[in-house]
Amino acid sequence: MMITDTIAAISSPPGPAARGIIRLSGPDSWPLAMRMFEPLSAPPPPRRWIPVILKPSRIPAGALFFRGPASFTGQDVVEIHIPGAVPLLRRILAALIAAGARSAGPGEFSSRAYINGKCDLTEAEGIAAAIAATNAIQLRAAQSLRDGRLHQWTLRQTGALADLLALVEAGIDFSDEPGVSFISAADLQGGIRGIQTQIQQLETSAVNWQSTAALPTALLIGPANAGKSSLINQLSRQDRAIVSHHAGTTRDPIAAVMHTSRGQIRLMDSAGLEDSDHDMYRAMDQLRRQVINQADVLVLVLDPPHISLAAEDLLARAGASAGMAWLLVYNKSDLLPATSGVPERRMRVSALTGEGIAELREMIAAQCFAAAPMAAEYITLNQRHRAALDAASQHLARAAAAIGGDHWESAIELVAGDMRSALDELGGICGIVSNDEILGRIFGRFCIGK
Amino acid sequence: MPPVPNPNADPCQPLTCADPTGTFDVIVVGGGHAGVEAAWAASRMLTGRGRVAMITMDRRAIGRMSCNPAIGGLAKGQIVREIDALGGLMAHATDAAGIQFRILNRSKGPAVQSPRAQADKYRYAVAVQTLLAAHCPNLTIVEGIVDELLASPVHAAMRTNESPSNAKWTIEGVKLESGLILSAKTVILTTGTFLRGLMHTGEQKTPGGRVGEKTAAGLSASMARLGLELGRLKTGTPPRLARDSIDFSGLAPQPGDAPPVPFSYLSGTPLSPLCGSFPAQPQVDCHITYTNAAVHDLIRENLHRAPMYSGQIQSRGPRYCPSIEDKVVRFADKSQHQIFLEPESLDTDEIYCNGISTSLPADVQDRIVHSIAGMEKAKVLKWGYAVEYDFAPTHQISASLQTHAVQGLFLAGQINGTSGYEEAAGQGLMAGLNAARLVQQVSPVILSRHQAYIGVMIDDLVTKIPTEPYRMFTSRAEFRLSLRSDNADQRLTDLACSIGLATPQRAAQLAQKRQTMERITRELKHACIAGGATAWELLARPDTEIAALSAMNFIRGREICAVLRDPALLPMVEQVRIEARYQGYIDREQHAVQRLTELESKAIPRGFDASTVIELRREARDALLKFRPQTLGQASRLEGITPADLSIVLMHISSPRRKTPAAAG
């Protein structure tokens, strides 16, 4: 709502894509972006494309700088273009927020544009509709969350924390009242640590919202030009990946959804493994390693020129070292001599003729559903949830650390402040606990009043 | 130092009573804690420029303490300091009449410590009356009961920018029961418990705002005719006992602080209007006793005779100030409740039984009192009672305390659904000040949530639906680390001086204090011990004693030792220490303040009509129409308003290129 702070958001559509865009708007857009990126050319004139690299991992990217008021929002705007790996984008956004940007609310870029006179009412009405639509989506999402475990979990934690805070606040606001027995330092500290532990457990056990509601994922990996993209197109029956005979066409991980008899599976393509010291390849390689951590099953694709025991061994070890289930696929079987049978976990397919495609589909599904725990067993967390949980956890840690010792009571208002902040963060997930509610808990429990 | 009064004589002698005819700029209806601050503020603002009248049923009751003989307390003490910093009178009167001073929460951090005082209730009223008489030459006291508000309809074309949105009436004056008409540009209602006041002691019902006093019956109907909606609230008070009849020998005494700390920043200095030397009164103890199982049994047996339980009283009372019958019912597992026996005066033998507020019948009260340790033979001077009164739900006022419906009509105190002398006084001061500003045709002064508890209170009032009488708590203030009792002057006195409410001498005094604090801070940051820690860093630690610090071996800036040992500088060193301790936290608060300020700075114009904004959800539209927030900040705090609703409101109010849908289409 404010227009003098700097907001940031991932502007590219959710899910993995060739290019990810993070957009910032506000007076600190450029300095904030440059905390994370190193410009490879001089500071920008009014509007320019500047090649940049991400510090410190040196992933190449680009930044578009629009100096306000000649921008969409009328403020300084920066767009960061970077390979569209979800974890990468999330990490950059989180870092921007940690550096002082604020996570943009629904329609906030557009409302800034309107406020700064950059669009007229007709457009604004469209924006209002968009905001409403976003809210409707959020509402539906919230609706589904309401019955969900995250909601229940958050209610439990905010309830426990609000009870603890009520005791602390009662100790502050009603210390002159008779008969109010307050919580001991040990109980308070124990209570806070308990909630902290709950948060930590949730964060480690939860899966990411971005993994498309935790669809099981198979990552296709193999030498350049082994035909992974064609294979994905066949498996998902869509032209998702750009197919080319030139090795190394696929630069960024791309994804497609494959329908199987057991359910949907997300297929991810990675750039081909290739020896090259080119920066871009290194960057992509790094990216692929990140992606490996997100997949449930590794599908190793080899084509005839690369079929060798050494390659198989290498790839199998890659899968094993990542602790993942793996499958080995001999692609372009139309080019191979017909043989009888292949060893376990190995399949012959031809993206061209369609040989073995249906079988591969079911094989991947079998591996995936064996490897991936069912999504429903997990609480899914999105970026906002994680940010809130992290912040709450930090506040709680500080509160718990301040309790105890001879002088701790003289800082009780600071403990209360941190507990309040933690409660506000958790409240952001499923509804704020107001000061009035805290007072209500006090009055409900204690005989307050002379 | 006010004269020692004889409570039976007329303590109101010094008050002037000029010719009550002609037009007043401000009329204050009521002489309680809201009324006297309102009259004081308006009169000070308009000295030499305008006339102020106070209408009261009884001149001698001006400044009377209706309930407990105490001022301040947690969060409330901060309000009194704020009133003082703004140039109000409550702190002066308390310091002049205080017979016991204590800082509450001493073991906790400075932000949640608050001053509290027991006051001699007669000397308190005299102090208030003396201040009004001596410093408000343009104030006229009129005895009477206001029966009717006089107002004329407003034509849309005549609405000014200062006028509240959609005001249908303009106030013109008041008519008294005697038939006397007083005309005025503005009227401030501070009716306390007197608006259709009805007292209950058991089955007995007596119309009146306080024992032995009348009620204002016609005013409610007059307000309703002007379109003001009224509700009903309830509060209660305990019995008063004769001191001589209580056996204090077995009871624990509760002494005040030695030395006592005054409320006013001026007390003990030549600038103080009443307390050049402090304390002004001898200091006394309170005593503590307890209820017991026999008392609780008595109450349970007679619950059917308690108006709150028999259904005789339907209105809501405060949860934080329950009657003894409430305590016994709701907290049945407790075997005793504490009672503070507080002297009401040095000159009379009245003792206030803090803790057994009740509306049980007199015969039951009699038995209860005599079942309590120390009170076995106590003589009851005045029975406890509950009182019901009319209030105006606060969605009807703006943050200046002016009503939406009637231009020039302001409400302050219990009529706004609050409880407490301090809450009333804080509103009274703001209403008096803003009525004077309206007369002067300048924009109202609104304190924000980060400036003052008074700001928090009024903001809560204009954004929340009341469910019980409103009392201040420190936990209501999100910026409570900044809203401390030690720095109210730094927060508010410059503002008060700039608008003419506080004297220029106060600004000078504050400037000097600031300068000294800056010098101390500088020297603390310069001085350091071997190892590099500065005196500032050492002072910020909670376990550092100032005396110990002054004895440390500083390798640089050794002059700091003299500063730390100077008793005259000690209060300022203490305050610098508070700031050092809170530094990081206050920086965080300031970040939130900045965000809040941006929302507050977005005014919602008078012409904004939420009913025409089709994108708003119904719930949001209803909330906006009911409360008519004046800033986006206020709107954001209304129940049922989401950030998306705010975006929509913002779009409709702030684009320079905004067009009507018809024009756009």
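Quick notes
- Working note: Cα gyration tensor of the stretch B:154-297, eigenvalues times five, square-rooted, sorted largest first, giving semi-axes of 43, 28, 15 Å.
- Of the complete DSSP H runs in chain B, those spanning 20 angstrom or more by Cα along the long axis with a mean Kyte-Doolittle score not below -1.0 are B:121-135, B:421-439, B:570-600.
- The stretch B:507-592: relative contact order in percent, alpha carbon pairs under 8 Å with at least 6 residues between: 29
- Each residue of chain B gets 177 Å³ once the volume of the Cα convex hull is shared out per residue.
- Taking the fewest neighbouring Cβ atoms within 10 Å as the starting point, the ordered list for B:190, A:158 is A:158, B:190.
- Taking θ as phi - 60° and the Karplus parameters 6.51, -1.76 and 1.60, the scalar couplings of the stretch A:31-41 work out to x, 5, 4, 7, 6, 9, 10, 10, x, 9, 9 Hz in sequence order, x denoting glycine and proline.
- When the P(r) is computed for the stretch B:507-592, the part past 23 Å accounts for 22% of the Cα-Cα pairs.
- A straight line joining the Cα centroids of the stretch B:297-341 and the stretch B:186-255 runs 18 Å.
- Euclidean distance between Cα centres, the stretch B:549-565 to the stretch B:38-70, Å: 50
- For the stretch B:521-569, Kirkwood radius (reciprocal of mean inverse C-alpha pair distance, Å): 10.5
- R0 of 60 Å, Cβ-Cβ distance residue B:303-residue A:55: FRET efficiency to nearest 0.05: 0.25
- Antiparallel DSSP beta bridges within chain B, as percent of all bridges there, nearest 5: 70
- Under 14 Å from residue B:185, Cα to Cα: aspartates and glutamates that are on another chain or at least 8 residues apart: B:25, B:162, B:172
- Shielding by partners, peptide A:407-416 (average Cβ within 10 angstrom, other chains): 6
Any read-out appearing in this document is the output of simple, stated calculations on the displayed coordinates, not a laboratory observation. Keep in mind that what you see is a predicted model, and the values were worked out from it rather than measured. Cβ coordinates were reconstructed from backbone atoms using ideal geometry, including for glycine residues, and neighbour counts include every protein chain displayed.
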